[in-house]
Amino acid sequence: MSTATTASTVKAVTRSRLFWPAAVLAVLLVANLAFTPDFFAVRLQGGHLYGSLIDILHFGAPLILVSLGMTLVIATGGIDLSVGSTVAISGALACLHISESTDPGSLATVLTAVGIALGTALVLGVVNGLLVARVGVQPIIATLILMVAGRGVAQLITDGQIITVTSDPYKMIGGGYWLTMPFAILLSALVVLATVLLTRSTALGLLLESVGGNPVASRLVGIRAMRLVALVYVFSALCAALAGLMVSSNVSAADGNNAGLWIELDAILAVVLGGTSLNGGRFSIGGTVLGALIIQTLSTTVYTIGIPPETTLVFKAFVVIAVCLIQSPAFRAKLAARAARTRRTTRPHPAAPTNREVGA
Amino acid sequence: MRQQPVLEVRGIRKEFPGVVALDGVDFRLYPGEVHALMGENGAGKSTLIKVLTGVYQSDGGEVELAGEPVRIAGPLQAQQAGISTVYQEVNLCPNLSVAENVFIGREPRRFGLIDWAAMRRRATELVRGIDLDIDVSAPLNSYSIAVQQLVAIVRAVDVSAKVLILDEPTSSLDRDEVRQLFTVMRRLRDQGVAILFVSHFLDQVYEICDRMTVLRNGRLEGEYLTSELDQVALVSRMIGAELAGLDQLGGGKRRERTARTGKAFLQADRLTRRGAVEPYDLDIRPGEVIGLAGLLGSGRTEAARLLFGADQSDGGTLRIEGAVTTLRSPRDAIARGIAFCSENRKTEGLVGELTVRENIVLALQAARGWTRPLSRTAQDAYALKWIRALDIRPGNPEALVRNLSGGNQQKVLLARWLITDPKLLILDEPTRGIDIGAKAEIQKLVANLAEDGMAVLFISAELEEVLRLSHRVGVLRDHRMVAQLDNDGELTPERVMATIASGAHQ
């Protein structure tokens, strides 16, 4: 009796949408332990927390933010390829403003810089949103425009150089500490929390899922899909801009060429690993956060176990394929069926009652 | 005497999260017979078919094809094994040509390239074979649903000729097309094809079928010769002990239908949309049920869509509660108290991956906007209330709507609009493809809603149903409203039919 209830609890847990991403993350983390015995150690030094886990959260923070915006875009059945360029533009604008100001260390300068970056991202998001929702350009094309053009814009802003800044308040965003934790972790956690509240304690989440799940039906049910879709591209651009501030702040420099390069692909991957379908509809913010952490852990692992840099991408690719397969219910079912078949052929009594779980 | 069954199923079981759709069902199909699969919505008919065709994997039980145990791993294996299916909703590629649809995946080849000429020639032969005179190089979606259905059957028969499954093939067909289909079915049967026929039209089942298998609540109720089980007995087998609903079914007494007076809720004056429907007039008063009759593709749906803002009119005026109104979107219409249940539940109605509860509250939530969410308590209350009121099965508000049967999906759709408390409810084929019990329930519901003052526009291909419910019947033919007939008790299906046929004005 009690075993039956335990079994059903186990079943409920494994059926949860977050189970597989969480399991994969756990396995990756534990695997690191084999190479780095003190992988899980977190120590307090000079009032700051240090350790591999903290690093993963810290360096993963920009990816979490970008993936967050990407989740909502994908939930509507779209995709946003322009986030990497937005990351670069945002960092470039902020650093340019600070470097040109007479008082780079003042809070007012930094706040203005942040305002400029976010304001520009807002405009970029509106452009994406209008192209997709109003003009009806396919999302992949609409955002491809900014993906390509935006990189150029970022280089125009930085004049092809790397702009370095010295500003303590700016450094705080991506490289600072607050209450022993890296500020970037707290900031991204705050945005994640706000997004969860925004989507789940209002009806926004439901309406987005409806639009992504069946756009025709959503129109006939009276949902203002155009507005919602435009809104998610704006949100995505803002998340990317915030990530851009973090990235450039962490290194105190803006690199129009490399900041946020390929981050859109990592973000899409994070969303998919988190269990949100690229077809749109149901989305999971918790899953996306786990997905982003999986990718960041993977990057960290590559460095800590000393995989040669020229093969890191190949290694990552294999792990990602494996993870995707493990998460696919169809693949697991196939695997289970094969396992059952080999068991049946190796066993002398194929009709053993234990093998027949269903029947009566 | 009996030869070996071509298809035999024993103890098949299929579960979905929260639902046991099939529970140890046995089923046999012999070559050269037309066999009906009967049961209410949610009895497991569609699930059984999907298991047989490899769309679903069964969770238990055995399938034998011509005496050989098989495991149908997917639709392709099913096809290769000789089981072909034509589903309720045509599953072809509407943007490809008829010929391509018939030969998709098995195109005739020459030197490794597709032999287009041979493909067209053979497709033409095949459609001519069932007396269908169409251009096979035209895209499929340039033809009516009925023709598309026949193309699907042509394809299915040509792919494999052992077992042909027809899931509600007649629900979109008019009378002549049904006759044409039956001719084709008889021809195939005589060639030794085993045909599994699923339909909610009892008369059709009795006309064409030799034997039937009855399912109830996912279990096998029995297997009968059609000649040995009359319709009343069949219905009682299908709905089991719950015979209560039967009263409304039979002829019964038609409801008192006095023409209402008073101000119209909605008036359409020469309303039109080019290419969709010619200018038409229509008044609907509160408490009135207006029926729209006409053949498939006669413009019934198109006329209704203009009243909901789903399509925009390009001529004429629309007055709602006396005021001239332009409906720019469904949202405009909803704000004015109009609700519209589309005939295409899957594509235009439900969001399949959302739950029953979420689908039910969707319209109300959309009207409130995202900033004013319905509390979870309120959502649960709405869902539970309507699940109970409409007997939606399974009664689990958290079940995914795509796992429900057609009739239950229709009820979810109805519930969605009823909680918005509309003044005008437009129902486009609300009873198509659903079983007799649910049909009676929905009819009764419509009558009650009208009695309570709701205006209803009721579109249906079934004239009996239209006449049973409507105060007035608008008759459409070739995208034109040719007549509006008062349902004064004298109106008969024959007269409506004659009006459709002649296109005569009043």
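Nothing in this text is a laboratory measurement; each read-out follows from the coordinates by a stated rule. The shown structure was predicted, so the numbers you read here are calculated from the model rather than taken from an experiment. Please note: Cβ atoms are built from the backbone with ideal geometry, for glycine as well, and neighbour counts cover all protein chains shown.
Details
- When the Cα gyration tensor is reduced to axis lengths a ≥ b ≥ c, the ratio a/c is 1.5 or higher for segment A:125-229, and with a/b not above b/c it is classed as oblate.
- Fewest-first ranking of A:Ser249, A:Ser167, A:Ser201, A:Ser52, using other Cβ atoms within 10 Å as the exposure measure: A:Ser201, A:Ser52, A:Ser167, A:Ser249
- A simple spin-label model places the labels of A:Gln138 and A:Asn257 3.3 nm from each other, with each point 7 Å out along Cα-to-Cβ.
- Simple spin-label estimate for A:Phe331 and A:Asp38 in nanometres, 7 Å along Cα-Cβ: 3.6 nm
- Packing rank of B:483-496, B:386-399, where each peptide gets the mean count of other beta carbons within 10 Å, highest leading: B:386-399, B:483-496
- If R0 is taken as 51 Å, the Cβ-Cβ distance between A:Cys324 and B:Glu490 corresponds to a FRET efficiency of 0.15.
- Taking segment B:317-405 and dividing mean pair separation by its residue count, relative contact order in percent (alpha carbons under 8 Å, at least six apart): 28 percent
- The protein assembly as shown - mean residue ellipticity at 222 nm from DSSP helices (-39,500 (n - 2.57) per run, n ≥ 4, rounded to 500): -15500 deg cm²/dmol
- Helix B:175-190 and the longest principal axis of the C-alpha atoms of chain B enclose an angle of approximately 10°.
- Full extension of the chain segment joining B:Asp131 with B:Ala378 gains 83.4 nm, where the gain is 0.36 nm per residue of separation less the Cα-Cα distance.
- Net +/- balance of residues flanking A:Leu245 in space, Cβ distance below 14 Å, scoring K and R +1, D and E -1: 0
- Note on the protein assembly as shown: antiparallel DSSP beta bridges, both residues inside, total approximately 60 percent of the bridges counted.
- Summary value for segment B:267-337: 34 percent relative contact order, contacts being C-alpha pairs under 8 angstrom separated by 6+ residues.
- In Hz, Karplus ³J(HN,Hα) per residue of segment B:207-215 (6.51, -1.76, 1.60; θ = phi - 60°; x = Gly, Pro): 6, 10, 9, 8, 9, 8, 10, 10, 10
- Tilt relative to chain B, helix B:493-502 - C-alpha long axis, 0 to 90 degrees, to 10: 90 degrees
- Each Cα pair under 8 Å and six or more residues apart adds its sequence gap; the mean of these over the residue count of chain A is a relative contact order of 30 percent.
- Counting neighbouring Cβ atoms within 10 Å and putting the fewest first, the residues B:Met497, B:Met238 line up as B:Met497, B:Met238.
- Between B:Arg368 and A:Thr9, the simple spin-label model (points 7 angstrom out along Cα→Cβ) gives 3.5 nm.
- Summed residue charge, Cβ within 11 Å of B:Arg179's Cβ, Lys/Arg positive, Asp/Glu negative: -3
- Within a Gaussian network of chain A (alpha carbon springs, distance under 10 Å), most fluctuating of A:Leu179, A:Leu93, A:Leu72: A:Leu179
- Footprinting exposure proxy for B:Glu288, B:Glu228, B:Glu62 (fewest neighbouring C-beta atoms within 10 Å first): B:Glu228, B:Glu62, B:Glu288
- Inter-chain shielding of B:350-362 (mean C-beta neighbours from other protein chains, 10 Å cut-off): 5
- Distance from segment B:461-506 to segment B:274-352 (C-alpha centre basis), Å: 19 Å
- Taking every full run of DSSP H in chain A, the ones that stretch at least 18 Å from end to end by Cα along their long axis and average 0.0 or higher on the Kyte-Doolittle scale are A:2-15, A:19-35, A:52-75, A:83-100, A:107-129, A:139-158, A:183-200, A:225-251, A:285-304, A:312-327.
- Between 0 and 90 degrees, the angle of helix B:145-159 with respect to the longest Cα principal axis of chain B falls at about 10 degrees.
- Amide H partners (placed H, <5 Å) of B:Val193, local residues excluded: B:Gly32
- Too-long pairs where the Cα-Cα distance tops 27 Å, listed order kept, from B:Lys45/B:Lys423; B:Lys385/B:Lys444; B:Lys14/B:Lys411; B:Lys162/B:Lys346; B:Lys50/B:Lys162: B:Lys45/B:Lys423; B:Lys162/B:Lys346
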